[in-house]
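Enquirer: Once you've had a glance at the structure underneath, I'll fire off some questions.
The values are calculated or read from the model by the stated rules, or taken from the named source; none is laboratory data. These figures come from a predicted structure and were not determined experimentally. In this analysis, Cβ positions are derived from the backbone assuming ideal geometry, glycine residues included, and neighbour counts consider all displayed protein chains.
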């Protein structure tokens, strides 16, 4: 009996060790790269995704969040490259940064393409044809799209004067991301665009090295740009979505059931992230005004004047990007 008891104890011990080993093997941590800071709506959306994945996979997958481009040493371009190479497993980056890898993604941010958030929802977010086109562009490059969030319309701030018309931008030094389309837009408008890492912008504005910058409101607030800028013009010149994606290596390793979990979590997280962004933007307009900024709402006529100034540039990009893609994204009025 004693021998039998010892043998049973050994079997139970081996079974427990095996179970723990198998459990440890199944638990996989995923690194998620995020451009924006912990105070941004980006991070809020990423947190929702993390919680859903960890809950619905019962801890078999965990997600570590790395805001402020921590994984890439502050380099946005390097950050987005890492998801394509599989160095990071989950990613939240703007389509503008992705466009350095897939140039056709610039189509989403064509100047004055969408007039309102209602148009964004109708022509992009809730349009199956548009979403399929975006998903194919990135999947052809080796990543899988789980959801589309919102950085928002990009607005312009500066320390000189209110920007109402194109002539107000003449020779003004404006920081823009190192994206060909954005650089081309501001050159065509008569400004002096300067590509600069966003981490350097606050100091450059404070020291007067540059006159202004352009970004969505939540990005402006999360980096305290309102502290070193006097004027902000809400001209909605370019829509800037963000993509929640996973590496192809990770996707191919998932079971069909886990793929469904990731897709559900991605869509739900980005749906909530867009809601958070829009609510914050309404509040931020008042917050900036209360902080002493002069907040100006550009009229439709003023926006039309900017667009007219960009006629030749827009035509060039229409030819470069192709009518089929632009039609899918709702660029052309029916």
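Enquirer: Identify the residue in region 189-203 that is in contact with a helix residue (DSSP H, G or I) (Cβ under 6 Å, 6 or more places away or on another chain) and buried (at least 19 other Cβ atoms within 10 Å of the Cβ) and, among all such residues, is farthest from residue 220 (Cα to Cα).
Expert: 189
Enquirer: Determine which member of the set 182, 236 is assigned to a loop (DSSP other than H, G, I, E, B) and touching a strand residue (DSSP E or B) at 6+ places or on another chain (Cβ under 6 Å).
Expert: Only one candidate passes the filter, namely 236.
Enquirer: Any residue in region 282-305 that is modelled with pLDDT of 95 or more and within 29 Å of residue 62 (Cα to Cα)?
Expert: no
Enquirer: Do we have residue 284 as in a helix (DSSP H, G or I), closer than 29 Å to residue 102 by Cα and out of contact with any strand residue (DSSP E or B) (no Cβ under 7 Å at 6 or more places or on another chain) here?
Expert: It is false that residue 284 is in a helix (DSSP H, G or I), closer than 29 Å to residue 102 by Cα and out of contact with any strand residue (DSSP E or B) (no Cβ under 7 Å at 6 or more places or on another chain).
Enquirer: If you don't mind, another one. Tell me, which residue of region 277-314 that is under 26 Å from the mean Cα position of the chain (by Cα) and free of Cβ contacts under 8 Å to residues at least 40 places away in the same chain is surrounded by the most Cβ atoms within 10 Å (Cβ to Cβ)?
Expert: 289
Enquirer: Please specify each residue of region 73-99 satisfying the condition of being closer than 21 Å to residue 310 by Cβ and touching a helix residue (DSSP H, G or I) at 6+ places or on another chain (Cβ under 7 Å).
Expert: Result: 95, 96, 99.
Enquirer: Test residue 54 against the criterion of being modelled with pLDDT of 90 or more and either under 21 Å from residue 254 (Cβ atoms) or more than 16 Å from the chain's Cα centre (by Cα) (or both), and give yes or no.
Expert: yes
Enquirer: Quick check on my filter: what residues within region 104-122 are assigned to a helix (DSSP H, G or I), surrounded by fewer than 20 Cβ atoms within 10 Å (Cβ to Cβ) and touching a residue at least 24 places away in the same chain (Cβ under 8 Å)?
Expert: 104, 117, 119, 122
Enquirer: Which members of region 185-217 meet the condition of being assigned to a helix (DSSP H, G or I), under 27 Å from residue 305 (Cβ atoms) and under 17 Å from the mean Cα position of the chain (by Cα)?
Expert: Within region 185-217, just 217 meets the criteria.
Enquirer: Just name the residue that is surrounded by the most Cβ atoms within 10 Å (Cβ to Cβ) out of those in region 240-267 that are out of contact with any strand residue (DSSP E or B) (no Cβ under 8 Å at 6 or more places or on another chain) and in contact (Cβ under 8 Å) with a residue 12 or more places away in the chain.
Expert: The residue in question is 261.
Enquirer: Kindly establish whether residue 330 is more than 25 Å from residue 169 (Cα to Cα) and not in a helix (DSSP H, G or I).
Expert: So residue 330 fits the description; yes.
Enquirer: While we're looking at this one, here's another question. For region 48-67, how many residues are free of Cβ contacts under 8 Å to residues at least 12 places away in the same chain and in a helix (DSSP H, G or I)?
Expert: Count: 3.
Enquirer: Inside region 124-137, can you point out the residues that are part of a helix (DSSP H, G or I) and either out of contact with any helix residue (DSSP H, G or I) (no Cβ under 8 Å at 6 or more places or on another chain) or under 15 Å from residue 324 (Cβ atoms) (or both)?
Expert: Matches in region 124-137: 128, 129, 130, 132, 133, 134, 135, 136, 137.
Enquirer: Tally time: how many residues in region 68-93 are in a loop (DSSP other than H, G, I, E, B) and within 15 Å of residue 30 (Cβ to Cβ)?
Expert: Summing the residues that are in a loop (DSSP other than H, G, I, E, B) and within 15 Å of residue 30 (Cβ to Cβ) in region 68-93 gives 4.
Enquirer: What number goes with the only condition from (1) surrounded by 22 or more Cβ atoms within 10 Å (Cβ to Cβ); (2) farther than 17 Å from residue 294 by Cα; (3) at pLDDT 95 or above; (4) within 16 Å of the chain's Cα centre (by Cα) that residue 177 does not pass?
Expert: With respect to (1) surrounded by 22 or more Cβ atoms within 10 Å (Cβ to Cβ); (2) farther than 17 Å from residue 294 by Cα; (3) at pLDDT 95 or above; (4) within 16 Å of the chain's Cα centre (by Cα), residue 177 is out only on (3).
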